[in-house]
Amino acid sequence: MEARQLGPLQQAMAACRRAWVGVALFSACVNLLMLTVPMYMMQVYDRVLTTSNIDTLLALSAMVAVGLATFGLLDAVRNRILARVGAWFERELGSPVLAGAIAEARRAGGGVSAQGLRDLGTVRGYFAGQGITPLFDAPWAPVFLAIVFVIHPVLGWIGLLGAVALFGCAALNDLITRKRLTEANSASVRTLNDADAAIRNADAITAMGMLPDLARRWRDSTAHSLDQQTSATDASGGISAAAKALRFGLQASMLGVGGYLVIGNQMSAGSIVASAVIAARGLAPMEQLISSWRLFVGARAAYQRLAELLERAPPDESGTVLPRPAGNVTFDKVNYVPPGVRLPIIRQISLRIAAGEVLGVVGPSGAGKTTLVRLLVGSLEPSTGHVRLDGADVTAWPDADRGRHVGYVPQSVELFRGTVRDNIARLGAASDEDVVGAAQLAGAHDIILSLPRGYDTPIGVGGVPISGGQRQRVALARAVFGNPALLVLDEPNAHLDGDGELALADTVRRLRERGCTIVLIAQRAGIMALADKVLVLRAGGVEAFGPRDEILRNLRRANLAPVKPDTPGRAVKAGA
């Protein structure tokens, strides 16, 4: 398979191969240098103590010092390589994983979760930590056992039997804990996603005193995960303790058998200690694998979830850059059925909005108004049918390219960590003139200047708290930034006072004069005075669509009130 056909995760793993080869080479040197101490001990026992030669002791000590210094240097370099591989892996996949998580949320109709990024951090932590080094050291166990065989075959067979026993412990550990750890990891993911949702709704939870019940539900949902984790930890801990006792017993057996062989003049005293240390070093990676098995299982599960997430993510294809649209919008037999739901929220909607027109969308709660505009801006994909902007399907038009021509103020406004300027500029590079111009067009300039540091005031997570009305004005400035061809406003006056609503009406008028197509959802009659056409939705279908005055007159005759009357001081005139 060619590299260009691989997904981002497979490409990243392929790019890591050279680093893995380097780590393997350093591991080979590190493991060979681990023979320094046992060989030194054997020479001291067999040569220095029997000859009392100080020069030999000094020479051996100097060589050992060089060997140990080289060992420490190579081991440190190996750890640095692993740390950098982990950091590179997370940097390389951070953007695709974030894009995949957002695409997943779009398919699900909402509920953004950062689980993909948590999984990426888990895999990076495993790559960069000490849990992966036993995988590189374990292949050297046969080499160490072969050296023990050279020292004496009887000790070699003892070491080999110990290796088989430890391998059996590792296999048993996997057999007993795999299912439990997999279930525990899956349950942990679900509870963390529930916690994310709870934190996003902190205001409602606090206001209505829901925290005690929420905490109880969270404890109940985590009980199974904790039980499985505890059970797996108990089993793994028992096997790990047995493996440690087995390794100590193996060393003791080698010392005892070695002593018997020395008495029979079949080997030297130094060989006893050297063979015990070498065998212990050869078997240590297996014991470490058992101890770090939980880390391995967690990293493997996280890797599998990443692979599934990125496999479902849409390909990153820029495609042909289309010209700026005029703003003609077409809904062609559009239906939308959310995942896991049988009945459509949007049913057979077909309509056209000419460039430069203002469309007001009204209807009772649950009629599908917000879903309709999310389909229009491309954050949802129709189940059937097409939504087109100047003939181009909005879901086939690359987001980064299409988004330059679209402004959107969602019903629930979120601002990002950064300054006011960053948020208005959509987190990209922009001139001061363009940022200030967008704020002035949205009627937010004076409000922004009243903030502690003006346009440089930090907002969002950890920033200066601002009111709902201020947040909505900044979001409107962000939406009109770049002079969009299409502006979509979902109840943009929900948090605005009288002055704010007048500023919103002025913004809509000025954009209409520039030829911008505007689609707005409103619950108040005043803002509807700016509409050229009105669409009435009910139960996801079109109940009425046409010129504003005609539609509103027919609704009044039928004693239907699709929008709320304005409060005093909020009336907006339908001027050009």
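Between helix 115-128 and the chain there is an angle of about 20 degrees, using the helix long axis and the longest principal axis of the Cα atoms. With the helix formula -39500 (n - 2.57) applied to DSSP H stretches of n ≥ 4, the chain reaches a computed 222 nm mean residue ellipticity of -20000 deg cm²/dmol. When the solvent-accessible area of the chain is split by element, carbon and sulfur atoms take up 59 percent of it, the probe being 1.4 Å.
Summed over the residues of the chain and divided among them, the accessible surface reaches 50 Å² per residue at a probe radius of 1.4 Å. Kindly express, to the nearest 10 degrees and within the range 0 to 90, the angle between helix 17-33's C-alpha long axis and the longest C-alpha principal axis of the chain. Roughly 20 degrees between the two axes. The listed peptides 26-34, 424-432, ordered by packing as a protection proxy, come out as 26-34, 424-432 (highest mean of other Cβ atoms within 10 Å first). Between residue 450 and residue 255, the modelled label-to-label distance comes to 8.1 nm, taking each label 7 Å out from Cα in the direction of the beta carbon.
Which of the aspartates and glutamates could a cross-linker span from residue 533 if the Cα-Cα distance has to be under 15 Å and same-chain partners fewer than 8 positions apart are dropped? Partners within reach: 357, 543, 549, 550.
Ordering 485, 466, 427 by the projection of their Cα atoms onto the charge dipole of the stretch 392-489, which places +1 on the Cβ of Lys and Arg and -1 on the Cβ of Asp and Glu, puts 466 at the extreme positive end.
Here r is the Cβ-Cβ distance between residue 49 and residue 186 and R0 is 56 Å; the resulting FRET efficiency, rounded to 0.05, is 0.40.
The charge dipole of the chain, taken about its Cα centre with unit charges on the Cβ atoms of Lys, Arg (+1), Asp and Glu (-1) only, comes to about 840 debye.
Name the shape class, rounded, prolate or oblate, that the alpha-carbon gyration tensor gives for the stretch 365-417, where a ≥ b ≥ c are the square roots of its eigenvalues, rounded holds for a/c under 1.5, and otherwise prolate holds if a/b is larger than b/c and oblate otherwise.
The shape class here is oblate.
The calculated P(r) of the stretch 1-148, using every Cα pair and 10 Å bins from 0, goes 10, 27, 24, 17, 11, 7, 3, 1, 0 in percent.
Residue separation of residue 557 and residue 332 scaled by 0.36 nm, minus their Cα-Cα distance, works out to 78.0 nm of gained length. Taking the longest Cα principal axis of the chain as reference, the axis of helix 269-291 is set at about 20 degrees. If you wrap the stretch 1-83 in the convex hull of its Cα atoms and look at it from every side, the mean projected area works out to 6.9 nm². In the chain, one over the average inverse separation of all distinct C-alpha pairs is 29.4 Å, which is the Kirkwood hydrodynamic radius.
Taking every Cα-Cα distance in the stretch 274-361 and sorting them into 10 Å bins starting at zero, the pair-distance distribution P(r) comes out as 11, 16, 20, 17, 11, 10, 8, 6, 2 percent. Compared with the direct C-alpha span, the chain from residue 77 to residue 227 gains 50.0 nm at full extension, assuming 0.36 nm per residue. Can you list the residues of the stretch 26-49 with backbone N under 16 Å from a point 7 Å past the Cα of residue 68, pointing along Cα to Cβ? Inside the label zone: 33-45. Between residue 242 and residue 130, the FRET efficiency from the beta-carbon distance, with R0 = 22 Å, is close to 0.50.
The values are calculated or read from the model by the stated rules, or taken from the named source; none is laboratory data. It should be emphasised that the depicted structure is a prediction, and the values quoted were computed from it without experimental measurement. Quick reminder, even Gly has a Cβ in these numbers, built from the backbone with ideal geometry, and neighbours come from all protein chains shown. Ligands, DNA and RNA are excluded from the accessible area calculation, which covers all protein heavy atoms including side chains. Shrake-Rupley method; radii C 1.70, N 1.55, O 1.52, S 1.80 Å.
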